[in-house]
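One structure below.
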Ligand code: GLV
């Protein structure tokens, strides 16, 4: 097969580094150049502008810069070619680090101690052990599974929920609508790593948070969202924090990003905010993976980590 060129179509950040790395092996065209160029066979995209991909006459494969692909489907004109999502050890490692960090910080009362320090308060609240705490992971894809594997050796009970059952050693798994309430009822710390699809949008709402386990002594459940902001209702999280349904939350993603300066989440004493930084795509790891896939595709080998269009992830 003829060696295709690559269109880089990115909004929200400067793609220079991607351009340099992909240029090691391929001719790379950066949007707005490119559309209608018949020698472009691949598009490497992050939040591409609408209609760009549909204007490429010989597009063969779309590569997502990012584990989530909702940013691609935001454009309803995306042509029906295979879409490859990023799966990389380095991305899974970063996500597992973030989730372990936030779980441990909530578990070991980091929020409380940080509030006490400026007041020079010497107070030690009761501390449960990890064995008494169950962490429930919503979404058992590559990232969710990496987080489960990192949490288990620390002693936490780990539950997992996914659309279809995905058994995992050491993890109690629940699936589909029927499994959701039992999963939530057995979860103290909820970690959200779902893909954003029409079925999951707004799923982290007040009704769902209300189902989390709130046992005596823990002071409420904890929410950690490192998936996508539009999975959650920011206002419902605030309501749950303010009425004690939730004890604390760590949020890496928000309905609107960057999180508007007017959002009460910024200064809420029970919220830990990070700027969509849990697991950022690192071009020096990811560009070579994409280049390898392009070369394999041209040798007639199957593409890896394809998106299921019907499921939306
Ligand atoms: C980042 O949010 C990603 O999808 O990898």
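Nothing in this text is a laboratory measurement; each read-out follows from the coordinates by a stated rule. As the structure is a prediction and not an experimental result, all values here were calculated from the model. Positions of Cβ are generated from backbone atoms using ideal geometry, with glycine treated the same way; all protein chains shown enter the neighbour counts.
Counting only DSSP beta bridges with both residues in region 89-273, tell me the antiparallel percent, nearest 5. Before the final figure, lay out the partial values.
On the way: 1 of 27 bridges.
Of all bridge pairs located within region 89-273, approximately 5 percent are antiparallel.
Normalising the Debye intensity of region 1-114 to I(0), with uniform scatterers on Cα atoms only, and taking log10 at q = 0.09, 0.24 Å⁻¹ returns -0.33, -1.38.
Using helices alone, I'd like the mean residue ellipticity at 222 nm for the chain: each DSSP H run of four-plus residues gives -39500 (n - 2.57), total over residue count, nearest 500. Write out the running numbers ahead of the final one.
Values: 9 runs with 87 residues, N = 313.
Calculated at 222 nm, the ellipticity per residue is -8000 deg cm²/dmol.
For the pair region 123-186 / region 1-59, the C-alpha centres are spaced 39 Å from each other. Working note: Cα gyration tensor of region 210-263, eigenvalues times five, square-rooted, sorted largest first, giving semi-axes of 22, 11, 9 Å.
Within 10 Å, count the other beta carbons around each residue, average over each peptide in 116-126, 163-173, and list them highest first. Intermediate values should be presented prior to the final figure.
On the way: 116-126: 8.7, 163-173: 14.4.
Ranked by mean Cβ neighbours within 10 Å, highest first: 163-173, 116-126.
Taking only the C-alpha atoms of the chain, the Rg (one decimal) and the largest Cα-Cα distance, Dmax (whole number), read 21.1, 70 Å. DSSP finds beta bridges in the chain, and of those with both partners inside it, around 5 percent are antiparallel. Once the Cβ-Cβ distance of residue 172 and residue 97 is raised to the sixth power relative to R0 = 30 Å, the FRET efficiency obtained is 0.80. In units of the compact-protein estimate 2.2 N^0.38 Å, region 89-273 shows a Cα radius of gyration of 0.98. When both region 62-111 and region 221-290 are represented by their alpha-carbon centers, they are found 13 Å apart.
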